[in-house]
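Note sheet for the following structure.
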Amino acid sequence: MKQDTDVLSQLYRDYTGFPPSSVSRLPGAASGRKYYRLSGNVIKDGESVEFNCIGVAGDTLRDCRAFVKLAKDFVKEGIRVPEVYAVTDDYMHYIQQDLGSVSLFDLINDSKKSGNPDIVKPIVRETLSELAKMQSVDPTVWSNHAEYRSFSIRQAMWDLNYFKYEYIRPSGIDIEEDRLEDDFERFAEDLCSPGAGMQGFMYRDFQSRNVMVYESKPYFIDFQGGRPGPVIYDAISFLWQAKAGFSDDFRQEMLEHYFEELSRLTSCRRNEQEEHQSVNRFALFRTLQVLGAYGLRGLVERKAHFIESIPAALENLKILIENGAVDRYPELKRVCSCVCTDKRFAKKTEDGLRVTVFSFSYKKGYPADFTGNGGGFMFDCRGMHNPGRYAEYKSLTGRDKPVIDFLEERGEVQQFVENAVGMVSPSIETYLRRGFSNLQIGFGCTGGQHRSVYCAERTAQVIAEKFPSAHIVLIHREQGLETTLQ
């Protein structure tokens, strides 16, 4: 079987008449597709010019075929999507227009760093104008190439239960399942009702990462999951993207522009009451859907990028609760309120470095890091003599004097703590100097009750004295105790 690079190089040669001089793999996306940049020199109008394109090695026939066919028809309609230059007979490999490497998400991040988020307003407005143009294209242009069924109650229920099983369950939130399912069913029906707004091409994964900015214009990629559905879903997905961090005022201004564009392109009169209702419902739906994804990738798989995104999504959810978006669904509202008050994702009340020192039981797994920092130091205390083996200490912890005396009389625990402090201190110094915000230090033993508790207590006390500018939080996970030392 030919390698992906060989197949893509042959497509390049077939299209240009010349072989590529370089083929480089691009960073992977969330899917199984593989992307390459092919570069070389070709003869155009008698002169040698550089020609670059993007090569795609697909993972599923359904998505590849949908992308290629939709892209070709959208280009004909003047929609800004990459032109597909050549494709294999089986649709699994193709080469397309190179739109560079700058996404709208990159520009949004740069604007936030600059302290002037309004810099991106013109490109965001143009992006929503182009979205409205794509969505209002005559369905006969794209409907034969959409590989997915129309948005339906069934699809809405899948996403709502995704939120339940991948976010609520791993968070340990108590639910009244029958009542929650009643709310889900009512919510799904509302999302698919005639009041859901205009139906058209539903991009399904419309976010700033899927908008490339090429020659100062927005171009759309990854629309192969498109299907017939309520178009407001895409505008909401874009404006409520947690990591984009758009303010509520900015969202409302951009939504007004989007609705005006839709009305102009379709000659449909606006119904502002219906619009407001649809915005709230789909913003809620999209936020729950996103939290389901963050739950799986962050809470379950412990991937830092997704954990970092959870607080922003919770802020969106809080605003929606305040705006009454969940009032029609009482059990869902109660559950969402619990989700929003999760202490793991509470905003830091202090500036500077927070050092969290844990004690824990290895039997119950490592302590989770919900800061997005990705871990820190973990020390195994099981090599020291265990007070828990003796009946007189079984009901006590490493905070009680008899256990402290037992451990200290043997002498090994003092050296253990001293070594641990010596190991973490250079990192604390560096983190303070470089302005980092979080560091986690864990001490584990068999039951998380004696040795680990003692070591966490002593270490927290020593580093609090040694680093007065750091904020020290001590957590004994198995006892449910949390103390702020400074």
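Just so you know, all these numbers are worked out from the coordinates, no wet-lab data involved. Bear in mind the structure is a predicted one, so any value in this text is a computation, not a measurement. Counting neighbours? That spans all protein chains shown, and the Cβs are built from the backbone with ideal geometry, glycine included.
Here are the numbers:
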item	result
Kirkwood Rh, Cα atoms: Rg over Rh of the chain	1.06
Order by protection proxy (mean Cβ within 10 Å, highest first), peptides 264-275, 127-138, 225-236, 406-417	225-236, 127-138, 406-417, 264-275
HN-Hα J in Hz across the stretch 320-330 - Karplus 6.51, -1.76, 1.60, θ = phi - 60°, x for Gly and Pro	5, 5, 4, 7, x, 5, 9, 4, 6, 10, x
Ellipticity estimate at 222 nm from DSSP helix runs (n ≥ 4, -39,500 (n - 2.57)) divided over the chain, nearest 500	-14500 deg cm²/dmol
Sequence-distant residues sharing a close amide H with Ser136 (under 5 Å, placed H)	none
Extension gain from Arg179 to Thr484, taking 0.36 nm per residue of separation minus the Cα-Cα distance	106.0 nm
Efficiency of FRET between Glu392 and Tyr366 - r from beta-carbon atoms, R0 25 angstrom, step 0.05	0.25
Spin-label pair Ser150/Ser48, simplified geometry with 7 Å Cα→Cβ offset, distance in nm	5.7
Isolated Cys in the chain, by beta carbon distance under 4.7 Å	Cys53, Cys64, Cys192, Cys268, Cys336, Cys338, Cys340, Cys455
Cleavage-rule hits (trypsin sites (Lys or Arg not before Pro)) in the stretch 1-92: DSSP loop, at most 14 neighbouring Cβ within 10 angstrom	Lys2
Full-extension gain in nm, Arg186 to Phe436, via 0.36 nm per residue minus C-alpha separation	85.5 nm
Highest average packing first - 447-459, 139-151, 276-288, Cβ atoms within 10 Å	447-459, 276-288, 139-151
Potential lengthening between Lys112 and Ser425 on full extension [0.36 nm per residue; Cα-Cα distance subtracted]	109.4 nm
Separation of alpha-carbon centers, the stretch 24-68 and the stretch 261-293, rounded to whole Å	34
Relative compactness, the stretch 407-458, computed as alpha-carbon Rg over 2.2 N^0.38 Å	1.33
Spacing of the two label points (7 Å from each Cα toward its C-beta) at Arg25 and Thr266, in nm	4.3
Where labels lie 7 Å past Cα in the beta-carbon direction, separation of His276 and Leu61 in nm	5.0
